[in-house]
Amino acid sequence: MGLLSKFFGPKNPLDVPLKDLLENQMKLEAQIEKIERELRAIEAEIAELFERAKKAKSRSEELTIATKIKTLNKRKKNLQATHAQLNKQLMLVSNLLIIKENEELLKGTPTWEMLRKMSPKELEEKLIEMELDARNFNESLEKMLGMTDRTIGVEDFEADEELEEILSTIRAVKEGELEPEEATKKVVEEETE
């Protein structure tokens, strides 16, 4: 059973309502946070046990502490495996969410048709591989699906140097390279030159 069918049953993941995806994303994030708190608590408890071990008076006391540490460490490893699995599921749901949020742009494009034709298992594998975010959605999706066509959603625009410069400035603001005020000045100054 794949991760998608675990969440959404037999229906095509692209048909899952946005609301359901958002709900699943919130649940996964809450589970991940809970596990992270548990991991921190276990690490603190292990550190405390090592502190107690420094003051141990006998071999049996050391053995008792060592056994507790071993048990806690095993629990920590199990939690880490669960954490990794939940992060994988979160990546899957987040990527599907980004695709659903851009569904109107994608419909009618070769990419949308390609996504619709994939089996749930193939789609799941692609979604887990992808590292989508809203900033690089079109580029990442195109790359992950192995397409070489022009960027989805941008194909209707003609090459426009001013638009490209503004988009470049927007990316610089998003990445923290420019403050919004500096970006405004840069764009306004370029227009008046």
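Things to note:
- Ligands, DNA and RNA left out, the 1.4 Å accessible surface of region 74-124 is 52% carbon and sulfur atoms.
- Compared with the direct C-alpha span, the chain from residue 87 to residue 32 gains 19.1 nm at full extension, assuming 0.36 nm per residue.
- Each peptide among 110-118, 47-55 gets the average number of other Cβ atoms lying within 10 Å of its residues, and from highest to lowest they stand as 110-118, 47-55.
- Listed residue pairs exceeding 23 Å between alpha carbons, taken from 77/121; 19/76; 11/117: 77/121; 19/76
The values are calculated or read from the model by the stated rules, or taken from the named source; none is laboratory data. Keep in mind it's a predicted model, so treat the numbers as computed, not measured. Cβ atoms come from the backbone with ideal geometry, glycine included; neighbour counts cover every protein chain shown. Each accessible area value is taken on the protein alone, full model and side chains, heavy atoms only, with ligands, DNA and RNA left out. Shrake-Rupley method; radii C 1.70, N 1.55, O 1.52, S 1.80 Å.
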